[in-house]
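Here's the structure, in structure tokens; my notes come after.
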Amino acid sequence: MRFRIVAALIPAAFCASCSSPDAGRLAALESRVSEVEKQPTAAAAASRASFAPGLGEIMGLNQIRHDKLWFAGENANWPLAAYFVRRVRSLQRKLAVVRPKYAGDLAAFEDEHIDPALAACDAADRNAFDRAFAAATDRANEMHVKWAKPYIRWTLPDEPPKDLEMSGQP
């Protein structure tokens, strides 16, 4: 950074006594140097963005958590159900950052569906949980339609996942 400042000052000091046409060329050159310096940064940002998870990756993870949330709640494993509600919320917050066009819908979904589901888990209220979960699933499917993906419809698998004990019993 220090080199760039010095490199920019030397031509400026040298041309301080230059005629007006030379000063114009210096300004054009400085402008071009500035553009070139920005290019690697823009390319690096584009490269980093290409490694960010996409909508499909994040929503695929969300679907897994959605399923596990259901089975944890169905088995009255409220600590595990609350854990998965928080994981869904965390993934959706990340999605709002990497895909900002969805941020408004995701924030509304959190207020209208995630918060009530978490409250139901915290209260160990099965009826409230069932209502919150069903409403969240319906709304997620409506959002898929809104965002031109009507072919994505969340449903529940027939069996609980094999990788976790959903009952909460040792």
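So for Arg32, Arg99, Arg89, fewest C-beta neighbours within 10 Å to most, what's the order?
Arg32, Arg99, Arg89
What number comes out for the charge environment of Val88, summing +1 per Lys or Arg and -1 per Asp or Glu over other residues with Cβ under 12 Å away?
Overall, the nearby charge balance is +4.
Quick one: order His113, His144 by neighbouring beta-carbon count within 10 Å, fewest to most.
Arranged by neighbour count, lowest to highest, His113, His144 become His144, His113.
Tell me, what is a quarter of the convex hull surface for the C-alpha atoms of the stretch 95-142, in nm² with one decimal?
One quarter of the hull surface, i.e. the mean projection, equals 3.4 nm².
Once the mean 1/r over all distinct Cα pairs of the stretch 48-101 is inverted, what Kirkwood radius in angstroms do you read off?
11.8 Å
Apply the Karplus parameterisation 6.51 cos²θ - 1.76 cosθ + 1.60, with θ equal to phi minus 60°, to every residue of the stretch 59-67 and state each ³J(HN,Hα) to the nearest whole Hz, in sequence, with x for glycine and proline.
Karplus values, whole Hz, x for Gly and Pro: 5, x, 5, 5, 4, 4, 5, 4, 4.
Along the stretch 115-128, what does the Karplus equation 6.51 cos²θ - 1.76 cosθ + 1.60 (θ = phi - 60°) give for ³J(HN,Hα), rounded to whole Hz, x for Gly and Pro?
Those phi angles translate into 4, x, 5, 5, 4, 5, 5, 4, 8, 6, 9, 4, 5, 5 Hz.
In nm, what is the difference between 0.36 nm times the number of residues separating Asp163 and Leu26 and their Cα-Cα distance?
Net length gain for the segment: 42.7 nm.
Quick note: the coordinates plus some simple rules give every number you see, no bench work behind them. Please read these numbers as outputs of a predicted model, since none were measured by experiment. Virtual Cβ from ideal backbone geometry, glycine too; neighbours counted across all protein chains shown.
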